[in-house]
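The values are calculated or read from the model by the stated rules, or taken from the named source; none is laboratory data. Treat the numbers as computed from the prediction; the structure is a model and nothing was measured. FYI the Cβ positions are ideal-geometry reconstructions off the backbone, even for glycines, and counts take in every protein chain you see. Surface accessibility is based on the protein's heavy atoms, side chains included, excluding ligands, DNA and RNA. Shrake-Rupley method; radii C 1.70, N 1.55, O 1.52, S 1.80 Å.
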Amino acid sequence: MGPLHSLVAAAGLLASLSSIAAADPLPSVAATPAAASATSTRSLDDPRTVSAARVLAGLPPTLPAHFALANTGEWREHRDIIQSGWAKVRQGRGNVMARWRDASIGSTCGGSGTLLYPFSGPDFANAYLLFPGCRSYILFGLELPGAVPALEDLDHAAFGQLLSDVRVAVADLIERNYFITSRMSKQLHTSQLRGVVPVLIASMALAGLDVHSVEPLVLKHAAAAEHAQAPDVKPLRRLRGVQIVFQRPDGPVQTLQYFSVDATNQGLAPYPEFLAHLLAARPAPMLIKSASYLLQDRQFRTIRDTLLEAADFLVQDDTGMPYDVLKAAGWDVRLYGGYRKPIRPFHWAYQAGLDSAYKNTSAAELPFSFSYHWRGGKSNAMVARRVAVRASAPAAGGTIAER
């Protein structure tokens, strides 16, 4: 599927999220522990951000400085692709996932009301579709946050390139329902598209949400920790954050926090405040999908243990929290779809315990693509709840094979 056709599907899926999510009322927004541990200066309704999100989503701009952009051929093509996509995909994967959500996990957001989505990249669509009732969302990945593009400063060629780059960036998500990590480093770092913010705000606008503001987010003590880190500790990414404030029409204000972070043990060592920020969200619902099996790698043991401590409810595929770790920590796990050995280059992440569980359990149907085995109804999913007293996860060399 080419980038333009993929955006047709993207438009329909995301545009349908508004009506799908609207079926259940959202709780009123209040200060959460996660939000309280960070500082962000913002004013609701930044006119430039509101309009930019709409332009990137193929909707009429609201800022006078953007009006001329809506008269360009580049934008009209962008708009037409989105509009045609609405009718084609509204009854497709989005509605199928919503029906499965309502039957399997419910549409409210339990626990603290803050969803954790590790290794997410710019995948707001799945987070909002599966958990529309959360007050706040904490996403993190290796990709840089970026900023709202200054559309009013772009010439026609640059503007057209930006729209094209956005289409390319969402193509894999829409065709496969996941981003490909190795491609994102290029797709989200072009001459015009830099970071996840443009894709996130376009996804929100396509879902029928009003994007109010985008501001840098700094966790308390982050600056001090950076200067205090040992000379030999060099994380792949300096911790950077951004907070997006958005709202469904006539609904409560919601927030999304995205952090760019090196989540390896070494990369997190200078940033204990980030781990504290995640723990402040407990008991949190959590989503993990298409996560490159990182939580089976001993280099990610710190973040694995932190997430396991923070969450009490989990929706994931086999790339997330190892099955044997969940069972040892006192979680009830319901299986959906079928388990197949990991695709290349992840053959090392085969889970014998999960394979055995699928072979000895009548797993429920999973009627949509969700994991790396996205073709032909071969995806898998797990819905897990903590039901026992918190227990320590198996140590390296325990019941699972860590790489």
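Restricting the range 272-292 to residues that are of a type in the set (D, E, K, R) and surrounded by fewer than 24 Cβ atoms within 10 Å (Cβ to Cβ), which is nearest to residue 109 (Cα to Cα)? Give the steps one after another, and end with the answer.
Residues of the range 272-292 of a type in the set (D, E, K, R): 273, 282, 289.
Filter once more, so that each one left must be surrounded by fewer than 24 Cβ atoms within 10 Å (Cβ to Cβ): 273, 282.
On the way: 273: 25, 282: 13 Å.
It comes out as 282.
Can you find a residue in the range 54-65 that is touching a Lys or Arg at 6+ places or on another chain (Cβ under 7 Å), at pLDDT below 60 and β-branched (Val, Ile, Thr)? Show your work before the answer.
First, the residues of the range 54-65 that are touching a Lys or Arg at 6+ places or on another chain (Cβ under 7 Å): 58, 60-63.
With the extra rule that they be at pLDDT below 60, the set shrinks to none.
Within the range 54-65, none of the residues are touching a Lys or Arg at 6+ places or on another chain (Cβ under 7 Å), at pLDDT below 60 and β-branched (Val, Ile, Thr).
Hey, residue 134 hits all of (1) at pLDDT below 95; (2) assigned to a loop (DSSP other than H, G, I, E, B) but one; which does it fall short on?
Result: residue 134 passes all but (1).
Among the residues of the range 334-356, which ones are open to solvent by 40 Å² or more (accessible area, probe 1.4 Å) and of a type in the set (S, T, N, Q)?
356
Listed here are the residues, each with its yes/no results for (1) of a type in the set (D, E, K, R); (2) open to solvent by less than 40 Å² (accessible area, probe 1.4 Å); (3) modelled with pLDDT under 55.
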residue: 27; (1), (2), (3): no, no, yes
residue: 37; (1), (2), (3): no, yes, yes
residue: 71; (1), (2), (3): no, no, no
residue: 78; (1), (2), (3): no, yes, no
residue: 99; (1), (2), (3): yes, no, no
residue: 106; (1), (2), (3): no, yes, no
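Go through the range 144-180 and count every residue that is aromatic (Phe, Trp, Tyr) and modelled with pLDDT under 90. Talk me through it step by step, then tell me what you get.
Initially, the range 144-180 is screened for residues aromatic (Phe, Trp, Tyr), giving 159, 178-179.
So of that shortlist, the ones also modelled with pLDDT under 90 come out as 178-179.
Count: 2.
Can you pull out every residue in the range 295-314 that is surrounded by 22 or more Cβ atoms within 10 Å (Cβ to Cβ) and more than 21 Å from residue 134 (Cβ to Cβ)?
Passing the criteria: 295, 296, 300, 304.
Looking at the range 193-211 only, could you name the residues that are outside any helix (DSSP H, G or I) and farther than 17 Å from residue 61 by Cβ? Even if it seems obvious, please write down each step before you answer.
Narrowing the range 193-211 to residues outside any helix (DSSP H, G or I): 193-196, 207-211.
Result: 193, 194, 195, 196, 207.
How many residues does the range 315-330 contain that are open to solvent by less than 10 Å² (accessible area, probe 1.4 Å) and under 14 Å from residue 383 (Cα atoms)?
From the range 315-330, those open to solvent by less than 10 Å² (accessible area, probe 1.4 Å) are 315-322, 325-326, 329; that's our starting set.
Add one more test, that the residue is under 14 Å from residue 383 (Cα atoms), and what stays is 315-322, 326.
Within the range 315-330, residues that are open to solvent by less than 10 Å² (accessible area, probe 1.4 Å) and under 14 Å from residue 383 (Cα atoms) number 9.
Within the set of pairs 6+ apart or on separate chains, which have a first residue in the range 354-375 that is without any contact (Cβ under 8 Å) to a residue 60 or more places away in the chain, a second that is surrounded by 15 or more Cβ atoms within 10 Å (Cβ to Cβ) and assigned to a helix (DSSP H, G or I), and C-beta atoms under 6 Å apart?
354/323
Across the range 108-129, what is the number of residues that are under 30 Å from residue 236 (Cβ atoms), open to solvent by less than 10 Å² (accessible area, probe 1.4 Å) and more than 11 Å from the chain's Cα centre (by Cα)?
The qualifying residues number 1.
If I go through the range 191-208 residue by residue, how many of them are open to solvent by 10 Å² or more (accessible area, probe 1.4 Å) and not small (Gly, Ala, Ser)?
3
Any chance you could count how many residues in the range 238-270 are basic (Lys, Arg) and either buried (at least 17 other Cβ atoms within 10 Å of the Cβ) or modelled with pLDDT of 95 or more (or both)? Talk me through it step by step, then tell me what you get.
Initially, the range 238-270 is screened for residues basic (Lys, Arg), giving 238, 240, 248.
Subsequent filtering for residues that are either buried (at least 17 other Cβ atoms within 10 Å of the Cβ) or modelled with pLDDT of 95 or more (or both) retains 240, 248.
Residues that pass the stated criteria total 2.
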